[in-house]
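J.: My structure is below; once you've seen it, I'll send some questions.
None of the figures in this text is laboratory data; all of them are computed from the coordinates on show. All of these numbers come straight from a predicted model, not from anything done at the bench. Using ideal geometry, Cβ is built from the backbone for each residue, glycine included, and neighbour counts are taken over all protein chains shown.
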Amino acid sequence: MEILRIAIQSFSSLAVLFCLTRLTGKCSISQLEPFDYINSITIGNLAAGFAVSERQNWALHLTALVICGLITAGVGWLRCKSLALRTVADGRPLIVFAHGTIEKQNLLKAKMDLNTFLAQCRLAGYFDLDQIEYAILETNGQISFLPKAAARPATPEDLNLSPAPEGVFTSLILDGKLQKESLQHIGKNEQWLHKQLHTAGIGQISEVFYAGCDVYGNFRACRMPKSGL
């Protein structure tokens, strides 16, 4: 019975954690602001405590978990409405490199040493600081780089070219399943889809791992991987 209780509480903990995650928004770990990062650790610890808590304490852990989740969601909503609160919670971006000069004071404010900054430059593809015009430390800890004009990749505009606009591919078949809403969205029917598959040498929708089409009618299809691969 004790194992069953732990199993039920673990499932309940994951369910509550999932709901709170959807409530607080979608964000990858690298994009979390300091306040969000601390709260995510706190909520994770509370969820773990709830999953293995004693029978008489599970309600206390659940209450704390829900309250922390609601506070996080509330602060997130208020940050969207208030610039002042956003500044207090997240801080401001810092210029750590500008016009060939490393801004030492801003590195100190960010608690970032020179070796870490240089490592971030290399990871971004800049092994020579002369290629960089600006480096800005964002509030989530990532560094944004503005390369010098001579160091940035050439664009079609630089070459006086006018390429056709890119089209976003709409997924029509995923893992052998037809996405009917997507097919309707691009104004096509299943007869058209089967014709495209026949042209690609594929007989059935169930044989397709992925198929998509862009706004220009360009169609792509990949067969289902063979078993065992």
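J.: Any chance you could run the full-extension gain for Q105 through K81? It's 0.36 nm times the residue separation minus the Cα-Cα distance, nm to one decimal.
T.: Working it through step by step, the gained length comes to 5.6 nm.
J.: Of W58, W77, W192, how do they rank once you tally other Cβ atoms within 10 Å and put the fewest first?
T.: W77, W192, W58
J.: Segment 188-206 to segment 109-147: how many Å between their Cα centroids?
T.: Here the answer is 49 Å between Cα centres.
J.: Here is a further query. Taking 0.36 nm per residue of sequence separation and subtracting the Cα-Cα distance, how much length would be gained by fully extending the chain between F209 and D128, in nm to one decimal?
T.: Result: 24.8 nm gained on full extension.
J.: Next up: Which three lengths, in whole Å and largest first, does segment 51-149 cover when its Cα atoms are put on their principal axes?
T.: Result, largest extent first: 63, 32, 23 Å.
J.: From zero up to wherever the largest Cα-Cα distance of segment 103-229 sits, split into 5 Å bins and tell me the percent of pairs in each.
T.: P(r) for segment 103-229, in whole percents per bin: 2, 8, 14, 12, 7, 6, 7, 11, 12, 11, 6, 2, 1, 0.
J.: Now a separate question. Which FRET efficiency value, to the nearest 0.05, is calculated for I3 and L60 with the Förster distance at 22 angstrom and r the Cβ-Cβ distance?
T.: Step by step, r from the Cβ atoms, then E = 0.50.
J.: From largest to smallest, what semi-axes in whole angstrom does segment 170-223 give when each is the square root of 5 times an eigenvalue of its alpha carbon gyration tensor?
T.: 15, 12, 10
J.: Could you work out the Kirkwood radius for segment 94-147, taking every pair of different alpha carbons, averaging 1/r and inverting it, reported in Å?
T.: 10.8 Å
J.: 5 Å is the cut-off here: which amide hydrogens, built 1.01 Å from N in the peptide plane, fall below it relative to V208, excluding neighbours closer than 5 in sequence?
T.: Under 5 Å from the amide H of V208: G176, M224.
J.: Run the reach check for K177 against lysines, Cα to Cα strictly under 25 Å, same-chain hits fewer than 8 apart removed. What comes back?
T.: K188, K195, K226
J.: I've got another one for you. Apply the Karplus parameterisation 6.51 cos²θ - 1.76 cosθ + 1.60, with θ equal to phi minus 60°, to every residue of segment 149-165 and state each ³J(HN,Hα) to the nearest whole Hz, in sequence, with x for glycine and proline.
T.: Per-residue couplings from phi come out as 4, 6, 9, 7, x, 5, 10, x, 5, 4, 9, 6, 10, 10, x, 5, x Hz.
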